[in-house]
1. Quickly run through the stretch 95-142 and pick out the residues that are touching a His at 6+ places or on another chain (Cβ under 6 Å), under 17 Å from Ile67 (Cα atoms) and part of a loop (DSSP other than H, G, I, E, B).
2. Of these, Val27, Val13, which one is open to solvent by less than 100 Å² (accessible area, probe 1.4 Å) and under 14 Å from the mean Cα position of the chain (by Cα)?
3. All but one of (1) out of contact with any Asp or Glu (no Cβ under 7 Å at 6 or more places or on another chain); (2) free of Cβ contacts under 8 Å to residues at least 24 places away in the same chain; (3) of a type outside the set (Ser, Thr, Tyr) hold for Ile94, so report the exception by its number.
4. In the stretch 45-65, how many residues are under 23 Å from Asp121 (Cβ atoms), open to solvent by less than 30 Å² (accessible area, probe 1.4 Å) and in a loop (DSSP other than H, G, I, E, B)?
5. Name the residue, out of Phe122, Phe68, that is within 11 Å of the ligand (Cβ to nearest atom), exposed (fewer than 15 other Cβ atoms within 10 Å of the Cβ) and either within 15 Å of Val13 (Cα to Cα) or in contact (Cβ under 8 Å) with a residue 12 or more places away in the chain (or both).
6. Do we find a residue being in a strand (DSSP E or B), over 27 Å from Thr105 (Cβ atoms) and touching a Phe, Trp or Tyr at 6+ places or on another chain (Cβ under 6 Å) anywhere in the stretch 24-36?
7. Just name the residue that is most open to solvent (accessible area, probe 1.4 Å) out of those in the stretch 71-94 that are over 15 Å from Phe135 (Cα atoms) and assigned to a loop (DSSP other than H, G, I, E, B).
8. Check whether at least one residue in the stretch 38-57 is more than 11 Å from the ligand (Cβ to nearest atom), in contact with an Asp or Glu (Cβ under 8 Å, 6 or more places away or on another chain) and touching a residue at least 12 places away in the same chain (Cβ under 8 Å), and report yes or no.
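The values are calculated or read from the model by the stated rules, or taken from the named source; none is laboratory data. Since the structure is predicted, the reported quantities are computational estimates derived from the model, not experimental observations. FYI the Cβ positions are ideal-geometry reconstructions off the backbone, even for glycines, and counts take in every protein chain you see. Areas reflect the complete protein model, heavy atoms only, side chains present, ligands, DNA and RNA absent. Shrake-Rupley method; radii C 1.70, N 1.55, O 1.52, S 1.80 Å.
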Amino acid sequence: MIKNIKVKNSGIVKLQFFDDFPDGNLVIGESERNIPFKIKRFYFIDYLFNPKANRGFHAHKKTEQIIFCINGSFELNLDDGHDKQKIVMTDPHIGIRLGPKLWHTMKKFSRDCVILVVANDFYKKSDYIRDYQEFLRYIKTK
Ligand code: T46
């Protein structure tokens, strides 16, 4: 389990979890409580059947998000422009903050992987920086 985050603009979010064995688990996230913002949007990513799939390769200018792996596993790579961190996402109760100015990529998805993301804003194409050199320039100026 991930214990420390060493990149900037990230963090660990723990969801409340009820183990109702053998009748399942119940896992809870609450806006402005364990989720540190008001949720305006969520999306999920599934059908990750391509073993060579690569996603992400961008940073956000302002949007705050928390990313969860609610089934299966994948590798999340974070880069704040100075430090980098690889996190193997396997625990559905642990989310990782994807704050602004944090380059992130996702790969090595298990076939059954399902990713859930909650965000503090609606989708805005203009909030994305999809070029790594532009990202490095952006973090120097802001
Ligand atoms: C992120 C990581 C973790 C929309 O139209 N609305 C939306 O809310 C989202 C999230 C995406 N889109 C469109 C934009 C693209 O044409 O869906 C298409 C695929 O999105 P993208 O290539 O950005 O997917 P990922 O997996 O690389 O990134 C996504 C999120 O876009 C991004 O904000 O932080 O997941």
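1. Across the stretch 95-142, the qualifying residue is only Pro100.
2. Among Val27, Val13, only Val13 is open to solvent by less than 100 Å² (accessible area, probe 1.4 Å) and under 14 Å from the mean Cα position of the chain (by Cα).
3. Here Ile94 clears every test but (2).
4. 1
5. Within the list Phe122, Phe68, the selection yields Phe122.
6. Yes.
7. Within the stretch 71-94, the match that is most open to solvent (accessible area, probe 1.4 Å) is Thr90.
8. Yes, the stretch 38-57 has at least one match.
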